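Down below is the structure, laid out as structure tokens.
Please treat every number below as a calculation from the coordinates, not as lab data. In this text, all values refer to a predicted model and were calculated from it rather than measured experimentally.
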Amino acid sequence: MKFISYLLAMLALSACGVETASTAATGAAIKKQELEQGKKTMEQMQQRLDQANLQVQRRAEQAGGDK
């Protein structure tokens, strides 16, 4: 009877470890996805800034050429 009790206790404890590992892996996957999305957003914003700077430069050149 003691053996069965120990066996059940070990099974219960090992199941908790599996759940914890699974939760940690899921959390890590979510963080990775958030980081990738953040990088993508930063790249898009940098492209928009570059385009805006280019437009300002072109307008400045046009304004200088009109004088």
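Express in nm, to one decimal, how much length is gained between residue 50 and residue 62 on full extension, taking 0.36 nm for each residue of separation and deducting their alpha carbon distance.
Extra length from residue 50 to residue 62 when fully extended: 2.5 nm.
Stretched out fully, how many nm does the piece from residue 10 to residue 28 gain, at 0.36 nm a residue minus the Cα gap?
So the chain would gain 3.8 nm between residue 10 and residue 28.
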